[in-house]
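The values are calculated or read from the model by the stated rules, or taken from the named source; none is laboratory data. None of these values were measured; they are calculated from a predicted model. Here Cβ is always computed from backbone atoms with ideal geometry, including for glycine, and neighbour counts include all displayed protein chains. The protein model used for the area step is the full one, side chains on, heavy atoms only, and it has no ligands, DNA or RNA in it. Shrake-Rupley method; radii C 1.70, N 1.55, O 1.52, S 1.80 Å.
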Amino acid sequence: MRTKKLSIVQGPPGTGKTYTSVAAMKVLLREIPKDDPPILVACQTNHALDQILRQIAVFEPRYARLGAFSKDPDIVQRSIAVLREEVRKVKMADDLRLRSAKRMDVIANILAHDLAALGPEHKVLDPNQLLEKGIISQGQIDSLAHGAAGWSQHVENAQAPLELWLGAARVPTAGAQAVQLESNAVEDPETEIEAFRGTEAENVAAGAEAFENLNGRYICVAHSHTGKKSALPAAMTLILEKLLKAKDLWKIPQACRGHIYCVWLNKYKDQISEALRSTATALLEPAEDRRIGRWERDLLVLGNQRIIGMTTTGLSKYRALICALKPKICLIEEAGESLEGSVTSACLPSLQQLILVGDHQQLRPACHYQRHGDALHMNLSLFERLINNNVEYGVLSQQRRMIPEIRRLLFPIYGNILTDHDLVTQKSHRPPIKGMGNINTFFLDHTWSESKDTDLSFVNTQEAKMAASLFAYLVRSGEGIDKITVLTFYNGQRKEIERLIRSSQCYRDQANPNLEVRTVDSYQGEEKDIIILSLARSGTDTIGFLGNVNRICVAMSRARRGLYIFGNSGLLWSKSKTWAQILDIMAGRAGKVEERPWQFPCRVGSSFPVACEAHQRRTFIGDPYAWTEINDGACQTPCGKTMECGHSCPRLCHFDGQCKCRKCSGDSDPA
Ligand SMILES: [Zn+2]
Ligand SMILES: [Zn+2]
Ligand SMILES: [Zn+2]
């Protein structure tokens, strides 16, 4: 990897892609000359970028991060926005940024001057601005002031005479009060992915830097009042045009004044909207100059770093800036999930070495439109394309995440490539799931029907109840909320399960519950001790993208110690070869013995086999209502623990740990 121009490394789940990337960084930094340009590191998501930078920071303090979505306070300190402050005081001989900012200010002032007249705080237009635009004459202004003088002792402002003249013909604009500043806050793209609305395959890249907050001067264009157009006799309508030229405006009949004012207002709007267009166009050039000026300054900052991190979207967004740094080495993480365009934009003229780390068997690049993905093959990453074309690549094969019982389920996808690190076979590192009596994987088979929610996403209410109840049960059995993630392919199902868990007693009992209910598409690169996978589809003849092998791969490989799946096994078996193989392995009926190095009893069934921690007695849960039977305890056996008083606890097997002696307390009420 150290000397090759192009290195491709496939890292299946749990094989330590990030670890390998960081190790490569360490070696490269040691070997390249100290004054070499910085090494680029790009990741698919902001979350992944923070993760890798955190590990790099341990041995290399001189790193910077482009883009604004870091959640790590230490990394924020290394963001370009913060580092920029350090050079803000440094005077540049000819600061293009300042010069163009001044030019932009001048133009903005012109815009503001014209637009301000339409601000909601003004009761009427300023007659002087009407004069400026040639809409009324100086004589008419004078007549306004002259006439107004008779009504009022002193004139407070330029608008007052016009306001007086309009009188009752001035009426509020319809909807004027509804105008308010809308928040520019970007929803957290990683927790609230509204993917899969409408068509199934439409999805949004998590963490894509698609939005930037608007900032700068704010001018509200929403005039609060207009002229009242009272009904006029036909004869009057005809002379309106003539009235516009009246020398003394006060001679215009009151009934016509609203009409006249509306004509002025419309003329004013027409004129400024024309002018706005050309003035706004004039902003483009200094704006571009200012951007270049900023980059000139950013170069001062970035040139001093040894590593620069950004998202793959950032690679194209900051391409000009990056190009000016003349980087020689670029490493791209999750390259199997990156659009080909993003990666090729990193292939700058100065580049000597490109390292792609990823896994084309996990999620593919996300396209906003399905037709771009499937018909135009835009969901094919450069990584996968190179591998498909027999470019040499290495594979990381030792996995440190999943217990063998879970890892064996990836056989249909990776064959026998994956081997287990010692860590995952040791019970001290991967203890069995509490409350499950050594059953660490299980497929609950059901035929409950799916439905669609208001966003046309799939929901399976019965299954959601079952999954939420299992979640609560595991928490009561002693697995922490932060050790469990519920995964589902559909946002509708995700929302339903999250709603159920949030309303459950066990959730409300927690002090600071860190609940994770996520879609598979947002969960690549992450892992948890226990995964509850809710497949939702059942009742029709299709399984939608449950059949997508890349997604199956991600869904099956997130769990370290326990994986519990809910779905319709018959439907999956008949619709997907991969699911059929997985189900065969789980049911213990896989074809050749050598294909199933780890044998376990059947892990598929129509009722869920829980087992209480205290007695290891099995209870089978076949439907959501059955969970209520084990509300307080996991089995129907008496607790029987010997208490301090010497008696044994008469309560039925219970979760709460509060053994209670009826004989000593004299409490005859059966618990
Ligand atoms: Zn028990
Ligand atoms: Zn007890
Ligand atoms: Zn007692």
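Can you give the charge dipole size of region 325-421 about its Cα centre, rounded to the nearest 20 debye, using +1 on the beta carbon of Lys and Arg and -1 on the beta carbon of Asp and Glu? All intermediate terms of the calculation are to be shown ahead of the outcome.
Working: 9 positive and 10 negative charges, 26 e Å.
Using only the charged Cβ atoms, the result is roughly 120 debye.
Could you list the square roots of 5 times each eigenvalue of the Cα gyration tensor of region 13-118, that is, the equivalent ellipsoid semi-axes, sorted largest first and rounded to whole Å? Working shown, then result.
Details: eigenvalues 312, 75, 24 Å².
Output for region 13-118: semi-axes of 39, 19, 11 Å.
Using the heavy atoms of the protein chains and a 1.4 angstrom probe, tell me the accessible area per residue for region 424-628 in square angstrom. Show your work: numbers first, answer last.
Working: 7870 Å² over 205 residues.
Solvent-accessible surface per residue comes out at 38 Å².
With an 8 Å cut-off on Cα pairs and a minimum separation of 6 or more residues, tell me the relative contact order of the chain in percent.
On the way: 1155 pairs, mean separation 107.6, N = 671.
Computed over the chain, the figure is 16 percent.
Using only helices, what value at 222 nm comes out for the chain when you add -39,500 (n - 2.57) per DSSP H run of length 4 or more and divide by the total residues, to the nearest 500 deg cm²/dmol? Intermediate results must be reported in sequence, preceding the final value.
Working: 24 runs with 244 residues, N = 671.
Computed mean residue ellipticity for the chain: -10500 deg cm²/dmol.
According to the Kirkwood expression over distinct Cα-Cα pairs, how big is the hydrodynamic radius of region 297-408, in Å?
Working: mean 1/r = 0.0631 Å⁻¹.
Hydrodynamic radius (Kirkwood, Cα only) of region 297-408 equals 15.8 Å.
Once all Cα-Cα distances of the chain are split into 10 Å bins that start at 0, what whole-number percent is in each one?
Bin by bin from 0 Å, the calculated values are 3, 12, 18, 17, 14, 12, 10, 8, 5, 2, 0.
Based only on the alpha carbon positions, what is the Kirkwood hydrodynamic radius of region 348-410, in angstrom? Mind dumping the intermediate values first?
Working: mean 1/r = 0.0686 Å⁻¹.
Taking every pair of different Cα atoms in region 348-410, averaging 1/r and inverting gives 14.6 Å.
Straight-line reach only, C-alpha to C-alpha below 18 angstrom: list the lysines that Lys34 could link to, leaving out same-chain residues fewer than 8 apart.
Cross-link targets: Lys26, Lys326, Lys328.
What relative contact order, as a whole-number percentage, does region 424-628 give when Cα pairs under 8 Å and 6 or more residues apart are counted? Before the final figure, lay out each step's value.
Details: 368 pairs, mean separation 58.6, N = 205.
It rounds to 29 percent for region 424-628.
Can you tell me the dipole magnitude for region 424-628 around its Cα centre, using point charges on the Cβ only (Lys, Arg +1; Asp, Glu -1), in Debye to the nearest 20?
Working: 27 positive and 21 negative charges, 87 e Å.
For region 424-628, the charge dipole is close to 420 debye.
In nm, to one decimal, how far is the modelled label at Arg319 from the one at Ala145, with both set 7 Å along Cα→Cβ?
5.9 nm
Pick out, from Pro37, Ser576, Tyr507, the residue whose Cα sits farthest towards the positive end of the charge dipole of the chain, with +1 on the Cβ of Lys and Arg and -1 on the Cβ of Asp and Glu.
Positive-most Cα among the choices belongs to Pro37.
Setting aside same-chain residues fewer than 8 positions from Lys123, which lysines have a Cα under 20 Å from its Cα?
Cα-Cα hits under 20 Å: Lys133, Lys228, Lys229, Lys267, Lys269.
Quick one: what do you get for region 382-468 if you divide its Cα Rg by 2.2 N^0.38 Å? Display every interim value, and only then the final one.
Details: Rg = 19.0 Å, N = 87, 2.2 N^0.38 = 12.0 Å.
Computed over Cα atoms of region 382-468, the ratio equals 1.59.
Can you give the extra length, in nm with one decimal, that the chain gains between Glu132 and Ile292 once fully stretched, where that is 0.36 nm per residue apart less the Cα-Cα distance?
Numbers: separation 160, 0.36 × 160 = 57.60 nm, distance 3.66 nm.
Roughly 53.9 nm would be gained on extension.
Quick one: which of Lys452/Lys483; Lys434/Lys663; Lys452/Lys577; Lys4/Lys577; Lys17/Lys434 span more than 28 angstrom between C-alpha atoms? Before the final figure, lay out each step's value.
On the way: Lys452/Lys483 30 Å; Lys434/Lys663 31 Å; Lys452/Lys577 26 Å; Lys4/Lys577 38 Å; Lys17/Lys434 30 Å.
Flagged as over cut-off: Lys452/Lys483; Lys434/Lys663; Lys4/Lys577; Lys17/Lys434.
Among Ala335, His615, Gln353, flag the residue with its Cα farthest along the positive direction of the charge dipole of the chain, charges on Cβ as +1 for Lys/Arg and -1 for Asp/Glu.
Ranked along the dipole, the leading option is Gln353.
Can you tell which of Thr461, Thr519, Leu533 lies farthest toward the positive end of the dipole of region 447-535, using +1 and -1 charges on the Cβ of basic and acidic side chains (Lys, Arg; Asp, Glu)?
Thr461
Enumerate the amide H contacts of Phe443 below 5 Å, restricted to partners 5 or more residues apart or on another chain; note that Pro and chain-start residues carry no placed amide H.
Close amide H contacts, sequence-distant or interchain: Ile565, Val604, Gly605.
Give me the percent of accessible area attributable to carbon and sulfur for region 400-495, probe 1.4 angstrom.
Working: 1570 of 3230 Å².
Accessible surface attributable to carbon and sulfur in region 400-495 totals 49 percent.
Averaged per residue, what accessible area in Å² does region 250-320 show with a 1.4 Å probe, protein chains only?
With the other protein chains kept in place, region 250-320 gives 46 Å² per residue.
Need one number: % antiparallel among DSSP beta bridges in the chain, to the nearest 5. Walk me through the numbers on the way to the answer.
On the way: 11 of 58 bridges.
Approximately 20 percent, going by the DSSP bridge assignments.
In square nanometres and to one decimal, what's the mean projected area of the convex hull around the Cα atoms of region 217-314?
Details: hull surface 47.1 nm².
Its average projected convex-hull area is 11.8 nm².
Can you tell me what share of the DSSP beta bridges in region 424-628 is antiparallel? A percent to the nearest 5 is fine.
Numbers: 6 of 28 bridges.
Once the DSSP bridges in region 424-628 are tallied, antiparallel ones form about 20 percent.
All other residues with a Cβ under 11 Å from the Cβ of Asp72 taken together, and with Lys, Arg as +1 and Asp, Glu as -1, what is their net charge?
Working: positive: Arg54, Arg65, Lys71, Arg78; negative: Asp50, Asp74.
Once all neighbours under 11 Å are counted, the net charge is +2.
When all protein chains stay in place, what accessible area (Å², nearest 10, 1.4 Å probe) is found for Ser224?
Counting only protein heavy atoms, Ser224 exposes about 20 Å² to solvent.
Please report the net charge: other residues with Cβ closer than 15 Å to the Cβ of Asp114, K and R +1, D and E -1. All intermediate terms of the calculation are to be shown ahead of the outcome.
Details: positive: Lys133, Arg217, Lys267, Lys269, Arg277; negative: Asp126, Glu132, Asp270, Glu274.
Summing Lys/Arg as +1 and Asp/Glu as -1 gives +1.
Calculate the length of the line joining the C-alpha centroid of region 544-578 to that of region 248-317, in whole Å.
Their Cα centres are 51 Å away from one another.
Round to the nearest 0.05 the FRET efficiency obtained for Glu31 and Thr447 when R0 = 56 Å and r is the Cβ-Cβ distance. Intermediate values should be presented prior to the final figure.
Details: r = 60 Å, r/R0 = 1.07.
The value I calculate is 0.40.
Treating only the Cβ of Lys, Arg, Asp and Glu as charged (+1, +1, -1, -1), what charge dipole size does the chain show about its Cα centre? Round to the nearest 20 debye.
Values: 83 positive and 76 negative charges, 146 e Å.
Using only the charged Cβ atoms, the result is roughly 700 debye.
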